[in-house]
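Below is one structure, written out as structure tokens, with a few remarks after it.
The values are calculated or read from the model by the stated rules, or taken from the named source; none is laboratory data. All values reported here derive from a predicted model rather than from experimental measurement. Reconstructed Cβ throughout: ideal geometry from the backbone, glycine too, with neighbour counts over all protein chains shown.
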Amino acid sequence: MVAGIMTRREWLMLVGRLGVIGAAAAVGLGSPVQAQTRPSASLNALFLNVSPRPIISSRADPRLVENILGGISSTANGYDVYRKDASSAWGDFPSSTAAITWGYDVDGGQWFQANATAGGIERVWGLITFPATIGEKYIVSFTVDSKTGTHGAAGNATFGTGTWSGTTTINNAALGRNAMIVTATSSASAQVRIGVGVGANNGATASMRFSNVMVERVPSDRTYPSEYVRPGEQAVFNYSYSATVTSGAVSAPTLGAAYTSPRRSSILMLGDSYANDPWTAATFGDFPWQTRRFLGRQQVAINAYGQSGARIDQITAQIATAVSRQASSTPTAVPYSLCVAHGGTNDIAQSRTLVQMQAAMTEQINTILSYGMLPILVTVAPYNAASAGQQTVMDQYNAWLKTLGYPLYDLNADANDGNNDLKASWDAGDGVHLGAGFNSGAARYGQRLADLMMLIGD
């Protein structure tokens, strides 16, 4: 990418195109069913302490990798451990079978073991689903940690639903990494079985332990899976990578030398209930996933760890969790370089004082800085139920945020109807939360952040 400064007209044309691309990308989960008008871009006083013109980095873009396997769990804060329960996207066969051991205390919670018994349970598997779009290419990969017994042509991995071209079954999977590479020939919900005897009765006692399951949507010329990324999460890598896949088995990985990538490459988003609802085909998710939508095909990784009801001091704990999780599961990924620090509504609702809020945010900023990230601050959105005293604290706190010198998006000014209430077009209907949907308050918030991200260069 050529270094330099774009004109405002060129930039507005660019972000307009990003909106169209972002709508088609839809967080990597296939194209949305509708293409509506993107909220208009705004590069104005809503953004503080950033360049008035976009900075296009001269550094090389990293590789964006996303595990589109559903990853949000109400009980596991940002990822889905491999287990069959009410909060999991996994299923099993036979239903609720004791023949599967769900291991979520090893390797961050990412393994399960299928045990088949001749004359008893001869077919047993874990089940995953994901939406597929006609013409798009997908790679389902997993690691075989161990195997015992006899594994024949009954199969260890297969596509149970959908229509495909490519490798749709793996028999007698090898130890190590394995992958099925397919192109969807119809748009449908894909169902993938991983276990023992997935195609037919195994006929013998056998077991196999699987870990690090990943589903990627990839360019048509890709013939190998990427490095593992947790379900529902994204990562960027600043080195080239390739491998060979023969009969489903992955071998001969080739790694290139690391290079320097733009600062905006890897973004952590913190928050409360504004940031805890994931992407769905109906709602498009909260502002972190809306930001991803408006970034389109930009090579930027975004992960969010919002927790409903959290105050600023409680949100701070999300930082260490996220950094530790990335270091353990994707140690070669580009570390988080920007951190969007959203919060404060619950502090206002609980009548925290200005001093308390300032102290909590100071600690959060210092924690962000200690991990080598640049904070991006966001003012507290209008809260319709705020008392006069609470409103005063909010106004004073928002004014204080603007004095700190870090990049800032003035959400309060953007979403304010002029009477310190949420604009009707932003409101979810409760006077507290932003509405979900294509042109919702969450979408407008996400669009602003996407525009701001593109202002941050090296």
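Figures for the structure shown
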quantity	calculated
Members of segment 224-246 found to be part of a strand (DSSP E or B), within 20 Å of the chain's Cα centre (by Cα) and either in the same structural domain as residue 131 (by TED's automatic domain parsing) or modelled with pLDDT of 95 or more (or both), listed by number	235, 236, 237
Hey, residue 59 at pLDDT 85 or above and touching a Pro at 6+ places or on another chain (Cβ under 7 Å) or not	yes
Top-ranked residue of segment 293-329 - restricted to ones that are part of a loop (DSSP other than H, G, I, E, B) and among the basic types (Lys, Arg), ranked as farthest from residue 363 (Cα to Cα)	297
Positions within segment 247-292 being over 14 Å from residue 63 (Cβ atoms), in a helix (DSSP H, G or I) and not charged (D, E, K, R), in sequence order	273, 274, 275, 287, 288, 289, 290, 291
Top-ranked residue of segment 304-328 - restricted to ones that are crowded, with 24+ Cβ neighbours inside 10 Å and in contact (Cβ under 8 Å) with a residue 40 or more places away in the chain, ranked as farthest from residue 262 (Cα to Cα)	312
Filter result for residue 357 (within 20 Å of residue 269 (Cβ to Cβ), assigned by TED's automatic domain parsing to the domain that holds residue 314, without any contact (Cβ under 8 Å) to a residue 60 or more places away in the chain and touching an Asp or Glu at 6+ places or on another chain (Cβ under 6 Å))	yes
Filtered residues of segment 128-144 (kept if modelled with pLDDT under 95 and either more than 23 Å from the chain's Cα centre (by Cα) or under 24 Å from residue 110 (Cα atoms) (or both))	128, 129, 130, 131, 132
Answer from 144, 198 - the residue that is among the β-branched types (Val, Ile, Thr), crowded, with 16+ Cβ neighbours inside 10 Å and not in a strand (DSSP E or B)	198
Filter result (over 24 Å from residue 415 (Cβ atoms) and either outside the structural domain of residue 382 (by TED's automatic domain parsing) or charged (D, E, K, R) (or both)) within segment 273-311	297
Residue ID - nearest to residue 382 (Cα to Cα), chosen from residues in segment 322-348 that are among the polar types (S, T, N, Q) and under 15 Å from the mean Cα position of the chain (by Cα)	326
Candidates 181, 170, filtered to the one that is hydrophobic (A, V, I, L, M, F, W, C) and touching a Ser or Thr at 6+ places or on another chain (Cβ under 7 Å)	181
Top-ranked residue of segment 251-290 - restricted to ones that are in contact with a Phe, Trp or Tyr (Cβ under 8 Å, 6 or more places away or on another chain) and of a type in the set (Ser, Thr, Tyr), ranked as farthest from residue 336 (Cα to Cα)	254
Qualifying residue in segment 201-223 (condition: aliphatic (A, V, I, L, M), free of Cβ contacts under 8 Å to residues at least 40 places away in the same chain and either over 30 Å from residue 262 (Cα atoms) or outside any strand (DSSP E or B) (or both))	no
Given (1) surrounded by fewer than 23 Cβ atoms within 10 Å (Cβ to Cβ); (2) assigned by TED's automatic domain parsing to the domain that holds residue 434, number of the condition residue 270 does not satisfy	(1)
